[in-house]
Amino acid sequence: MPRLEIKYARTLNQRTGQEPPFRVAFLVIPGFSLMALSSAIEPLRSLNRHVGEVRYEWFLIGEAAGTVAASNGLVLQASYGINDAPSADLTVVVASLYIEAFHDRSVFAFLRRVRAQRRLIGAISTGSLLLARAGLLTGRRVTIHWEFGPLLAEEFPGVDVCRALYCRDGDIMTAGGGTAALDMMLDLIASRDGRTAASSVADQFLYGRLRPGDELQRDDVRWRYQLTDRRIEAAIRIMEAALSTPLRIAQIADAANISERQLERLFLTNLGMSPSDFYMDLRLTAARSRLLHSSDTLEEIAVSMGFSSQAHFSRAIKAWCGESPLTLRMRRRQVVGSVQKDVGRP
């Protein structure tokens, strides 16, 4: 260990004395994101190495002890099941795809027992939806992977769903998934061991700055579409905010402080399509996500995306991607045994 790290470790040891390790339990739901789990565990391992002592311990929990398959088909071993798991200072639900129909009462009961112990509880990626289904998020501000934000907000209107990378509301911690799990754990480390320690861990992963929790999950519209004109950027933001209640292009142009003809010209020049085609693409992309990741009926999805009827919706999505909504839903991603089978449209 380099001399500076030894000096820092000694200082930390003097501060913590015989304080026991902070224990983190990860409840992994079949189909969980391995990237998100690794992003949450590795900062803890790195901090231990950095300070030269076991400041953090972690273990995996499954619905039962044994193997649990990740969304990429790799299999991990859960040391405990929900009925014999030891207590932890923080319990984090790690989930990803395939949870639209997950309503396991025994898992929800376990989460409520954890909550009753007044310990920290958290979720990564779509794990926030499971915390909500367990009845633990009413009146709380939380985040979830951006694809599932509308589903969580619609299913639980009493939950304050934000688009942040990660969020901490009192004793509830949530992260959007992927590398946002690393951000959430760096924030935990900063709160317990200091910002210098968290920055050192981030440096180990070539991660750069410590990202604040309120930073948005998705890139700014301007960067995403390589835009230089603020007016077209404003128009896209207006479209994204009105997917379920579509506006007329003239209304969008007026709100963006531009004429409809100018807006048409800007979209064709910068994006290669008309504003109406771009708007429809946004709506159908959101509808396809609902088809793949929710159990909503076709009629419910059609209404939520502003289509006048299920038939209108079906015709539009088939013209857009060449497959009907029913075909898309039948061909959606599934976990078959321990191997991810993806026979749907990428």
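FYI, it's all coordinate maths here, none of it is from the lab. Values in this document were obtained by computation on a predicted structure and should not be read as measured data. Here Cβ is always computed from backbone atoms with ideal geometry, including for glycine, and neighbour counts include all displayed protein chains.
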With no solvent and one point per C-alpha, what does the Debye sum give as log10 I(q)/I(0) for the chain at q = 0.07, 0.15 Å⁻¹? -0.36, -1.28
Please state the shape class of region 245-294: rounded when a/c is under 1.5, otherwise prolate if a/b exceeds b/c and oblate if not, all from the C-alpha gyration tensor. oblate
Report the charge-dipole magnitude of region 82-238 in Debye, nearest 20, computed about the Cα centre from +1 at each Lys and Arg Cβ and -1 at each Asp and Glu Cβ. 280 debye
Choice from R237, R55, R211 with maximal GNM fluctuation in the chain (Cα, 10 Å cutoff): R237
Using C-alpha positions alone, give me the convex hull volume of region 3-204 per residue in cubic angstrom. 115 Å³
Based only on other Cβ atoms within 10 Å, what is the fewest-to-most ordering of H312, H293? H312, H293
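Rounded to two decimals, what is the ratio between the C-alpha radius of gyration of region 56-148 and 2.2 N^0.38 Å?
1.05
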Rounded tilt (10° steps) of 105-116 against the dominant C-alpha axis of the chain: 60 degrees
Treat every Asp and Glu Cβ in the chain as -1 and every Lys and Arg Cβ as +1, leave all other atoms uncharged, and give the resulting dipole magnitude about the Cα centre to the nearest 20 debye. 340 debye
Rounding to the nearest 10 and keeping the result within 0 to 90°, find how far the Cα-based axis of helix 180-193 lies from the longest principal axis of the chain. 40 degrees
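Just the number, please: percent antiparallel of the DSSP beta bridges in the chain, rounded to the nearest 5.
35 percent
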Taking a point 7 angstrom from the Cα of R315 along the C-beta vector, which residues in region 274-289 have backbone N less than 18 Å away? 277, 280-281, 284
Compute a Gaussian network model of the chain, connecting alpha carbons closer than 10 Å, and tell me which residue from A95, A40, A253 fluctuates the most. A253
Output the 0 to 90 degree angle, nearest 10, between the alpha-carbon long axis of helix 230-240 and the longest principal axis computed from the alpha carbons of the chain. 80 degrees
Quick one: among A180, A36, A302, which has the greatest mean-square fluctuation in a GNM of the chain with alpha-carbon springs under 10 angstrom? A302
Spatial extent of region 221-336: Rg and Dmax, with the Cα atoms as the point set, Å: 15.5, 52
Honestly region 116-183 on the Cα gyration tensor test (a ≥ b ≥ c root eigenvalues; a/c under 1.5 rounded, otherwise a/b vs b/c for prolate or oblate) is just oblate
